[in-house]
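**Q** A single structure is presented below for examination.
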Amino acid sequence: MALTNPRVTKSRLAYLDYKLLITVLGLTIIGLLLIYSADHSQNIKSHFTKQIYFSFIGITALITASIIPPRIYNATAYAAYGIGILSLLFVIIAGIIGLGAKRWLIIGGVNVQPSEPVKLAYILVLSVVLSRRRSTVSIVKLLRTIALLGVPPTLLVLMQPDLGTATIFPVITAVMLAWFGLPLKVFALFLLPCISLFLTVYPWFISPLLAFGFVVIYRSGIKWLGITAIAVVCAVATFTAPLAWNQLEEYQQKRLTSFLNPAADPLGSGYQIIQSKVAIGSGGFSGQGFLKGTQTQLRFLPEQHTDFIFALAGEEFGFLGTSIIIILFLLFGWSGYTLATHSKNQFMSFVAIGITSMILYHAVVNIGMVIGILPVTGLPLPFLSYGGSFLLTCFTGTGILISVGLYRRER
Amino acid sequence: MLDQKNRWWTEHRYLVFTAGMVVLFGLLGFRLLSMQLIIRPDFLEMATTNRIRTEVIEPTRGRIYDRHNRLLVENRPSHTLYALPWTIKANPATITFLASVLELEENDIRQRIGSHGWNTFYPTTLQRDLPFDKLAYLETVRVDYPGILFRFEAKRSYPYPETVHILGYVGERSTDNVRKLHGRIGLVGKSGIEIIYEKWLGGEPGVLYQQVDASGRITEILDDPPPVEAKPGWDIYLNIDAGLQRYAYELLGDRTGSVVALNPQNGELLVLLSLPDYDPSLFAGVMTPETWEAIINDPGHPLLNRAIQGLYPPGSTFKMAVLTAAIEEGFVNNDFQVTCYGGLQLGRRWFKCWKKGGHGKVNQYKAIQQSCDVFFYNLGLMLGVERMEKYCNVFGFGKLSGIDLDNELTGIIPSVKYLDNKYGTGKWTRGQLANISIGQGDVLVTPLQLAIYTAAISTGKLVKPRLTDKLVNPIDGEVHKIEATSKDLKLSAKCLRIIREGMRMVVNESGGTAYWLRQHDIEIAGKTGTSQNPHGEDHALFVAYAPVENPQIAVAVVIEHGEHGSTSAAPVAVKLIKRYLYDLFPGPRPVFKPKPVELAKTDQDSLQDTLRVVTDGVD
């Protein structure tokens, strides 16, 4: 129908978001340069060539995803989500073990990490739920539905175990609920038990926060019975936190805490962070120069083509390089949020906010880790880190954003 | 109401989200700004520490020559096997491999590698002087076993092993903290000349700056910072005459003892021998615990340098010092005589003279020549401890000589305080005094002190003995000379003349205790001695200098359990003197023996007396 009308087609192309395209291409090219440099330190080219293939496949995926109209995503969201959950189950049963975790499936001779596309499927299905909401449906029912959808992928990814990726689902949920406009007191209800998880670790910092939260709940009109119930939940969270911590593998515990004091174990758990900070700091304003960073080229910087690629950028391209990357991510976020705001369709708005926030969350957590202010969680840097599954997910996500942009005038 | 709120939110959420994003990325950017622009120098320094490793280039150790430029210590090429603890920690298979090649226990290997801890990039010594077959094998397979490296190094080699107590030995640097070594792995002087002149011999290490990657492999040798070249150690030229030292070694044979010879004019030490000794090459290569045990448990104590650490009662060789005290203090003049009946009764004890029948009338010359004990008992009783101590100190007894060797001992010259401490105040008797006066009992001296004392008698000045003549910088030939120093004895010419004459008569006049060793062409002045040894046979001593006029050499010989100075120690000294003087004046040599008419005429009477006495024994 739409395609038969040449006028409509033309006006749709006029809504193509070039800003988004240029940002993504810019980041990808920077990423390729950095991976080339990382390969150079080992006298290989394999990661660089593979990433070029992935980029072409990714661009194809982006174009394909941008052609598909949003209503198709809406219609197939549940199916995609179902397939995603099944593939995660399959990973638990028959995944490949690598780096102390089961994260990959072999499909046609290629290692695939299903947890990456599941992020997109989850965003789509959450957007469907939030956009279908009628004013007659109570918030409790809505939250119950979201919990039913959100808990399975989170748990399945935790079981791999992949702590970093597992945090994405609650974070995306929270961000999209915020966009939805969930009342502050309901947020407080969820946040209070989360905060009380850390009560035993930082008692003097957490207790006033908790007290403040309870005051907010009381003021919003919740009865004493409700408050008691929340208090019980908080108490349970407080005492289960240490138990849950003990359930973590030792390497996970170390990764989570070593960023606070990497010098305590400079040759062990603190090594990555120290070397990464040294790489970034020694870059200075304009960097050591392409292929000239000593931390990178002498391989002191670990995981330089994947998780710590930002440190490579910092060393060889300096503050100029890191600033450009940050500005490109800001541009990406700005475009995505603008799309979300200008979409007439509620589903498209939620999709845009979800995908944009997912990419930005990855970027913030990754850069925060590399510069030593956040724990080492192993989240890759979108468009820059080497890795096919994640790159394809990011390109597809961008394709969906562009599709949203093309169709944003339609209800 | 909910809808109203929602409308507000719908209008403002874009702003809130964008602001949140800007704040988060702003924090990251701010942190990057501080890391990359403000605290950058710290990180840059850490990056440099990461990649630049300094390798110390060991300097060549200085060589040691004797007075005739004969090489006493040279540097022979050898290969040393080192291990890199940090790399081997990651490749434990290397340990098993090394154990099989070096034929050692794995634990031994582990101990050697980890001796400075395992988290270090500094190499630790595994085995020095690696045999060639093992070297060749290791070289072919070392690619498969990371953490092994070889260095081409100079090994100390000793063509004159009998100089071992002079040269000392080298060994591994020992420290409680590997950082204090600053990466140095070369050997260091542990005793003798090797340790005394360590600062000169050791040279100055050079530095090579290498760039390494994360796995510790060297990627390039850097020009910036520029490498520092190692400066070789200075060569040392000793006063020792290695030929004479070897001759003395042969003369002593398998006997235990010590020979010290020096030039009395300037203190140049010609011979400094202590036997038994040890093989210095044992310390230069691989010292196994078994070898070390064998050396330190040897009943002959080969590590003891008897020339400077062996303490012996000087016996009759001490008598010149006592006579000097008596002459200088005015107790003895030309008319002084003691009649010897073969002993002296002191309280309840009979103090024997070595000659049972007695010496009869004894004057100052005869006392020395025939070594009459009764004469000296009398002097000792007259002088007392304090006066004897004073003149002993003048001759250098009881003090360090200042020789350029480590661990020299002072010996003991009894003082009132010493005797009070040892026997209780006032509890020591005239008996002790008598014993001291013939050099027995509490008196203890080293062979070196005896030699210096003899030299002092011959020249009238106390020289500081010097092993080293000069140090020479091998690069520019700069010379650092060790100057001769001496101190005048401040004794009267008459006193010295009497003592010298007594010593001359010991060897050259009938009745002297070493008369049987008289030489037709060299006039030697000497003194025999027997040092009583409570643990077995007496020690034999002989001190001598020659020629009497313008003395060129002073010798002290101590032979443990040699019984008589005259029969066992004196021949060694005499042969040594002959060899030295013949070498000193090759070809038609002067006769070092003046005609009898040139003898001292002033004391002619007493001399005639002495000459009439014929002894049947020697002391």
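The values are calculated or read from the model by the stated rules, or taken from the named source; none is laboratory data. The shown structure was predicted, so the numbers you read here are calculated from the model rather than taken from an experiment. No Cβ is skipped: glycine too gets one built from the backbone with ideal geometry, and neighbour counts run over all protein chains shown.
**Q** Would you pick out the residues in segment A:218-264 that are in contact with a Leu (Cβ under 7 Å, 6 or more places away or on another chain), part of a helix (DSSP H, G or I) and either free of Cβ contacts under 8 Å to residues at least 40 places away in the same chain or more than 16 Å from A:Leu191 (Cα to Cα) (or both)?
**A** Across segment A:218-264, the qualifying residue is only A:Gln252.
**Q** Now for a separate question. Given the options A:Val171, A:Val201, A:Val137, A:Val175, name the one that is over 24 Å from the mean Cα position of the chain (by Cα), among the β-branched types (Val, Ile, Thr) and not assigned by TED's automatic domain parsing to the domain that holds A:Leu379.
**A** Exactly one residue qualifies, and that residue is A:Val201.
**Q** For segment A:365-386, enumerate the residues that are away from chain B (no Cβ under 14 Å), surrounded by 24 or more Cβ atoms within 10 Å (Cβ to Cβ) and more than 10 Å from the chain's Cα centre (by Cα).
**A** Result: A:Val376, A:Phe383, A:Leu384, A:Ser385, A:Tyr386.
**Q** With the requirement that a residue be touching a strand residue (DSSP E or B) at 6+ places or on another chain (Cβ under 8 Å) and of a type outside the set (Asp, Glu), what does segment B:391-404 give you?
**A** Once the filter is applied, which keeps residues that are touching a strand residue (DSSP E or B) at 6+ places or on another chain (Cβ under 8 Å) and of a type outside the set (Asp, Glu), segment B:391-404 yields B:Val394, B:Phe395, B:Gly396, B:Phe397, B:Gly398, B:Ile403.
**Q** Is it the case, given these coordinates, that A:Ile29 is farther than 19 Å from A:Gly336 by Cα, surrounded by fewer than 22 Cβ atoms within 10 Å (Cβ to Cβ), more than 19 Å from the chain's Cα centre (by Cα) and of a type in the set (Val, Ile, Thr)?
**A** yes
**Q** Let me ask something additional. Mind telling me which of the residues B:Gly202, B:Gly267, B:Gly257, B:Gly206 ends up being outside the structural domain of B:Asp538 (by TED's automatic domain parsing) and surrounded by 22 or more Cβ atoms within 10 Å (Cβ to Cβ)?
**A** B:Gly202
**Q** Looking at A:Phe319 and the list (1) within 7 Å of chain B (Cβ to nearest Cβ); (2) surrounded by fewer than 20 Cβ atoms within 10 Å (Cβ to Cβ), which single condition is not satisfied?
**A** With (1) within 7 Å of chain B (Cβ to nearest Cβ); (2) surrounded by fewer than 20 Cβ atoms within 10 Å (Cβ to Cβ) applied to A:Phe319, the lone miss is (2).
**Q** Take segment B:247-279 and flag every residue that is under 30 Å from B:Thr485 (Cβ atoms) and touching a Gly at 6+ places or on another chain (Cβ under 8 Å).
**A** B:Gly257, B:Ser258, B:Ser274, B:Leu275
**Q** Any residue at all in segment B:456-468 that is basic (Lys, Arg), over 16 Å from B:Ile240 (Cα atoms), surrounded by 14 or more Cβ atoms within 10 Å (Cβ to Cβ) and in contact with a strand residue (DSSP E or B) (Cβ under 8 Å, 6 or more places away or on another chain)?
**A** Yes, there is a match, as at least one residue in segment B:456-468 is basic (Lys, Arg), over 16 Å from B:Ile240 (Cα atoms), surrounded by 14 or more Cβ atoms within 10 Å (Cβ to Cβ) and in contact with a strand residue (DSSP E or B) (Cβ under 8 Å, 6 or more places away or on another chain).
**Q** Mind counting the residues in segment B:210-224 that are more than 10 Å from chain A (Cβ to nearest Cβ) and either in contact with a Ser or Thr (Cβ under 9 Å, 6 or more places away or on another chain) or among the hydrophobic types (A, V, I, L, M, F, W, C) (or both)?
**A** Residues meeting the conditions: 5.
**Q** Something else: Suppose we filter segment A:248-286 for residues that are small (Gly, Ala, Ser), within 10 Å of chain B (Cβ to nearest Cβ) and under 28 Å from the mean Cα position of the chain (by Cα); how many remain?
**A** Count: 3.
**Q** Right, next: Could you check, for segment B:515-523, whether at least one of its residues is touching a Lys or Arg at 6+ places or on another chain (Cβ under 7 Å) and β-branched (Val, Ile, Thr)?
**A** yes
**Q** Also: Kindly indicate whether B:Thr324 is surrounded by 24 or more Cβ atoms within 10 Å (Cβ to Cβ), assigned by TED's automatic domain parsing to the domain that holds B:Phe542, hydroxyl-bearing (Ser, Thr, Tyr) and not in a loop (DSSP other than H, G, I, E, B).
**A** yes
**Q** Now, a different point. Of the residues B:Arg31, B:Arg40, which is at pLDDT 90 or above, closer than 24 Å to B:Pro225 by Cα and not small (Gly, Ala, Ser)?
**A** After ruling out the rest, the residue left standing is B:Arg40.
So that you can scan it fast, the table gives a plain yes or no per residue for (1) of a type in the set (D, E, K, R); (2) in the same structural domain as B:Thr530 (by TED's automatic domain parsing); (3) under 30 Å from B:Lys190 (Cα atoms):
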residue	(1), (2), (3)
B:Ser371	no, yes, no
B:Gly380	no, yes, no
B:Glu386	yes, yes, no
B:Lys390	yes, yes, no
B:Asn393	no, yes, no
B:Thr410	no, yes, yes
B:Pro414	no, yes, no
B:Gly431	no, yes, no
B:Ile436	no, yes, no
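**Q** What is the one condition in (1) within 14 Å of chain B (Cβ to nearest Cβ); (2) in a helix (DSSP H, G or I) that A:Leu210 does not satisfy?
**A** Looking at each condition in turn, A:Leu210 falls short on (1).
**Q** Please work out which residue is nearest to A:Gly181 (Cα to Cα), limiting yourself to segment A:297-316 and to residues that are at the interface with another protein chain (Cβ under 10 Å from one of its Cβ atoms) and out of contact with any Lys or Arg (no Cβ under 8 Å at 6 or more places or on another chain).
**A** So the residue we want is A:Phe310.
**Q** Can you pull out every residue in segment A:74-116 that is in a strand (DSSP E or B), small (Gly, Ala, Ser) and either free of Cβ contacts under 8 Å to residues at least 24 places away in the same chain or touching a Phe, Trp or Tyr at 6+ places or on another chain (Cβ under 7 Å) (or both)?
**A** Scanning segment A:74-116 gives a single hit, A:Gly98.
**Q** While we're here: Among the residues of segment A:321-336, write down those that are in contact with a Ser or Thr (Cβ under 6 Å, 6 or more places away or on another chain) and among the aromatic types (Phe, Trp, Tyr).
**A** Answer for segment A:321-336, where residues must be in contact with a Ser or Thr (Cβ under 6 Å, 6 or more places away or on another chain) and among the aromatic types (Phe, Trp, Tyr): just A:Phe332.
**Q** Does A:Leu62 satisfy the criteria of being within 30 Å of A:Gly405 (Cα to Cα) and part of a helix (DSSP H, G or I)?
**A** yes
**Q** A follow-up question, please. Considering only segment B:61-107, state which residues are acidic (Asp, Glu) and buried (at least 16 other Cβ atoms within 10 Å of the Cβ).
**A** B:Asp66 - this is the single residue of segment B:61-107 that is acidic (Asp, Glu) and buried (at least 16 other Cβ atoms within 10 Å of the Cβ).
**Q** Spot the failing condition for A:Leu339; the list is (1) more than 12 Å from chain B (Cβ to nearest Cβ); (2) touching a Lys or Arg at 6+ places or on another chain (Cβ under 9 Å), and only one is missed.
**A** (1)
**Q** What number of residues in segment B:8-56 are more than 9 Å from chain A (Cβ to nearest Cβ) and touching a Leu at 6+ places or on another chain (Cβ under 6 Å)?
**A** 1
**Q** Continuing with this model, one more query. Would you mind stating whether A:Arg71 is surrounded by 15 or more Cβ atoms within 10 Å (Cβ to Cβ), at pLDDT below 95 and either assigned to a helix (DSSP H, G or I) or among the basic types (Lys, Arg) (or both)?
**A** no
**Q** How about segment A:342-364: which of its residues are of a type outside the set (A, V, I, L, M) and within 11 Å of chain B (Cβ to nearest Cβ)?
**A** Passing the criteria: A:His342, A:Gln346, A:Ser349, A:Thr356, A:Ser357, A:Tyr361.
**Q** Scan segment B:242-256 for residues that are touching a residue at least 60 places away in the same chain (Cβ under 8 Å) and outside any helix (DSSP H, G or I) and jot them down.
**A** Of everything in segment B:242-256, those that are touching a residue at least 60 places away in the same chain (Cβ under 8 Å) and outside any helix (DSSP H, G or I) turn out to be B:Arg255, B:Thr256.
**Q** Now for a separate question. Confirm whether B:Ile499 is closer than 22 Å to B:Leu272 by Cα, surrounded by 15 or more Cβ atoms within 10 Å (Cβ to Cβ) and modelled with pLDDT of 90 or more.
**A** No.
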